Structure formats: C-alpha cells, structure tokens
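What follows is one structure encoded as structure tokens, with my remarks underneath.
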Amino acid sequence: MNTNPLPLGGIHHVTAITSSANEIYQFFTRVLGLRLVKKTVNQDDIRAYHLFFADDRGNPGTDMTFFDFAKSPKAVRGTNEIYRTSFRVKDDKSLAYWLNRFQRYQVKHEPIKTMFGRKWLNFMDFDEQMYTLVSDEKIPGVAGGEPWHLGPVPDEFAIIGLGPIFIRVNEWELMHRQLTQVMGLTLILKEGSMSLYEMTPKGNGAGVVIDYQRMLGQAIQGYGSVHHVAFRIKDREELDEWRVHLLQNKIPNSGFVDRYYFQSLYARIYPKVLFEFATDGPGFIDEEEPYETLGETLSIPPHLKIKSDLIKQMIKPLNTKRSGFVFPKEY
C-alpha cells in the first residue's frame, strides 16, 4: 500500500455545537440561505440531532453540521481550538449585500476587512458561534458549490461553500510541523499572528488559518464552539492510505468509521483539536430522500434502524418541511 497518501482535496465539512436545533435551523435557512440537506441523529449519542446545512445538492466542501447536545455548557473561548468557520461568496459585491442583510436581520457583525489579499466579513449567531464570509474574487482554487435555488438569498450573492477554517494555538511550531509534514499543506502568507496554509488545490476552499496566541487559557468546548473539521478524501482506498500514514507518523486515529453519507477516520493531529478525514461520497441524495425533499424527514442510518422508535421518543420534534414553499428572493 502507498504510504504517502494523495493530497487532501480541501475542507469537507465543519461540525459545531448549538444550544437549539430549531434556532440553528431557522438561522441557517432563513438568514444564511443554506439548505438543510439531512436531518439525522448523532450516531454516537442518539439523543441529539445532527443537522447538515449545505448547498443546493449537499456537495462536499459546502456543509456545516450541528449537534444539539443536551445540557452542553456554553463554550469558553481560548487557545487550542477551532474558533471560526468561514463561508465563500463569489465576489466583493456579495459582501456588500451581506453587510446590509446582517443589519436587516440584526445579526452581530463587524465591518468588512482585508486580510491575505481578500475581503472578509465577520459575524456570529445567537450562541456567539463565530463565522466569517470570504470573497472568492480573484482567488482561484477549489470549485465552489451550487447556491440553494429555492432559498431566500439571490443566487448571485449566495454562499457557495466553506472557506478557510480558523484555529487558535499556543504552539505554532508544532502546528506548523504537523500541517506541513503530516497533512501536506503549504504556508502561503503570514499577517501578524495569522498564518494562511493551503492544500494542493489551493484557494478559499482549501485553506486553514492558524492564529498564534501563546498567552490565552485553554478553550473549553460547549455550545457556540466547533467540534471538529473534516478534510476531503476521494474514496475508501485513499482513506486507508491516510490511516497508515497517520500511524507511521505516530498519530493514533479512530480507524475506519462508516457515517453512511460518507466514510471517515478521526485523529488529533494537534492536542485538543479534532480532525476528520471524510470521503466525498456517497452523499445525501439517496433512495430515502430524493433531491426535492432533502432534509424534510428524520433520516436514520441503517445500523440504527433497530432503534428508530426509541430515537423518535428521545428527540424533540423539529419541523423542516419546505417542499411546496418557495422563499421570495430578498434583495
């Protein structure tokens, strides 16, 4: 088996923790204009929802997912954590649209700024989960996704995928070594405490930003924080190559995990920070849910079907039916 795995294909998804499945559904659907492409349960804790928000068809590289863990405390910000998720829009004009949209919907946000030669717009949700929008203007790289055509945001301004993930660390040299020597990323630019790394495909869909903060206390995970970030792998064969590669670099990992909508393995490349490696397929459109009704019913993976009745008793009802309704485009 080849022990030098093929390069990573970009960011696959980001998974975070929310205090409310219903409120995050409303925020992502009505404010951010992302499509709920799968409503399922956490496969390791069936008391919690696992909601997948993505582009029109749930393409890899476009989805942010949420757990609503019961009794989760509020996150404590600090170092050694994934602290901000970014979303891509196609150009600078789109950021001006989003600035007005955030003002209209009373979303906490900052002024548009420039960093690494591109424009950014920071904002947060009701949990103080931290996000940013980044402009793809003149930034070639991983192809973006497809706007949710029936959502409230006009296609020309819509979010088209995930941008760089932001990670705060207190050991920059260690993270630099792991990203470059183990993960195969390249250091592209540095600005102040920030360092931008990119995978082989390059561009906003393949970026990681490291914020070196030596004096901060350790972050504590809870609602309003990111649980993990996943990186794109082509298929099971490449996933197996990465498993061997990690072991050869003395990095323990979960081994193969079938998440049904994709296949994964998990590892802490750097202390306290969880990375996932996930295949691009099989995807969210299947015999259970066709394209037209993605995310409208509770999807239970095959190995949990035997617990279907128990699951339905344990989780709170969440109405996500949207077929037959078209959001008016909000200019």
Response to the item:
Asserting the computed 222 nm helical MRE of the chain (DSSP H runs at least 4 long, -39500 (n - 2.57) per run, divided by residue count, to nearest 500) equals -4000 deg cm²/dmol
Worksheet item: Can you give the % of DSSP beta bridges in the stretch 11-314 that are antiparallel, to the nearest 5?
Response: 70 percent
Discussion item. Can you sort ARG104, ARG243 from fewest to most other Cβ atoms within 10 Å of each residue's own Cβ?
Written reply: ARG104, ARG243
Worksheet item: So which of LYS113/LYS190; LYS202/LYS234; LYS71/LYS312; LYS234/LYS321; LYS90/LYS321; LYS90/LYS329 end up more than 21 Å apart, counting from Cα to Cα?
Response: LYS234/LYS321; LYS90/LYS321
Response to the item:
For the chain, the dipole about the Cα centre with charges only on Cβ (Lys and Arg +1, Asp and Glu -1), to the nearest 20 debye, works out at 820 debye
Worksheet, complete the sentence: Quick calc: nm separation of the 7 Å Cα→Cβ label points for GLU287 and GLU128 -> 4.8 nm
Worksheet, complete the sentence: Which of MET175, MET314, MET115 fluctuates most in a GNM of the chain (C-alpha springs under 10 Å)? That residue is MET314
Discussion item. Can you give me the distance in nm between label points at ARG30 and GLU137, each placed 7 Å from the Cα along the Cα-to-Cβ direction?
Written reply: 3.1 nm
Worksheet item: Hey, rough spin-label estimate for HIS303 and ASP235, points 7 angstrom out along Cα→Cβ, what's it come to in nanometres?
Response: 2.2 nm
Item to complete: Evaluate the relative contact order of the stretch 11-314 (contact order divided by residue number), counting alpha-carbon pairs under 8 angstrom at least 6 apart; express in whole percent.
Response: 23 percent
Fill in: Cα-based convex hull, the stretch 118-167, per residue volume (Å³, whole number)
105 Å³
Worksheet item: So which residue, out of PRO60, PRO152, PRO111, gets the largest mean-square fluctuation from a GNM of the chain using Cα contacts under 10 Å as springs?
Response: PRO111
Response to the item:
When ILE306, ILE210 are arranged by how many other beta-carbons sit within 10 Å of their Cβ, fewest first, they go ILE306, ILE210
Worksheet item: Of GLY144, GLY161, GLY192, which is the most mobile in a GNM of the chain whose springs link Cα atoms less than 10 angstrom apart?
Response: GLY192
Response to the item:
Assertion target for VAL31, VAL134, ordered by fewest C-beta neighbours within 10 angstrom first, is VAL31, VAL134
Item to complete: Enumerate by residue number the GluC sites (Glu not before Pro) in the stretch 262-331 meeting two conditions: DSSP loop (anything except H, G, I, E, B), and at most 14 other Cβ atoms within 10 Å of the site's Cβ.
Response: GLU287, GLU288
Discussion item. Viscosity 1.002 mPa s, temperature 20 °C: give me the Stokes-Einstein translational D for the stretch 177-266 in µm²/s, with Rh taken as the Kirkwood radius over C-alpha pairs.
Written reply: 140 µm²/s
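Read-outs: derived from the displayed coordinates by stated rules, not from any lab. In this text, all values refer to a predicted model and were calculated from it rather than measured experimentally. A quick note on method: Cβ atoms are made from the backbone with ideal geometry, for glycine too, and the neighbour counts reach across all protein chains shown.
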